[in-house]
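Read the structure below first, then the notes.
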Amino acid sequence: MLAPNPSKSHSLFDSLTEAVRNWTRSRRMRLSLDECDSSEVARMAREFGLSPRELSRMSRLGPDAADLLLQRMNALHLDPEAIWKSDPATMRDMQRLCSACASKRRCQRDLHGDHNSAWVLYCPNAGTLDALQHGSQARAEGDAMRASGPAIARVA
């Protein structure tokens, strides 16, 4: 008889523990939001650029709901902190879309596998990420040109 694979059972245990931990954290966030009166919820929602209904829905999804966005940005060599500082509304919109995305399992598989280009077909942030990536490439090329100094034309 074969002995059970300890790494597989440990992995399953870790996954279950993490799922329970995330559920508990999400439940706590939802309960604290439920304890606020409607004016406080509206104020918080405004601060995040959301409607009270969107804030409530986001709180049910949990604090890690947009983690795949950060992983995707890192894979694309985009700096989430820099984008947050330069364009917080865009970052907030991308987080909102990622949080509510129905393709999380596929995204996670693609991030950890060899399906690097398939994500553009289902990711609700594909267009924005593409624009940010091309914008950052254009800025890097411009910085490189400025660093090399002005071009001097020779007259013969």
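The values are calculated or read from the model by the stated rules, or taken from the named source; none is laboratory data. Just so it is clear, the structure is predicted and the values come from calculations on it, not from any experiment. Neighbour counts are summed over all protein chains in view; Cβ atoms, including those assigned to glycine, are modelled from backbone coordinates with ideal geometry.
Structure notes:
- For Gln71, the test of being at pLDDT 90 or above and closer than 24 Å to Leu33 by Cα is failed.
- Residue check, Glu54 surrounded by 13 or more Cβ atoms within 10 Å (Cβ to Cβ) and at negative phi: yes
- Within the stretch 76-120, the set of residues being modelled with pLDDT of 90 or more, within 30 Å of Arg46 (Cβ to Cβ), out of contact with any Pro (no Cβ under 7 Å at 6 or more places or on another chain) and part of a loop (DSSP other than H, G, I, E, B) comprises Leu78, Asp79, Asp87, Ala102, Ser103.
- Condition met for Val155 (at pLDDT 85 or above and farther than 30 Å from Ser32 by Cα): no
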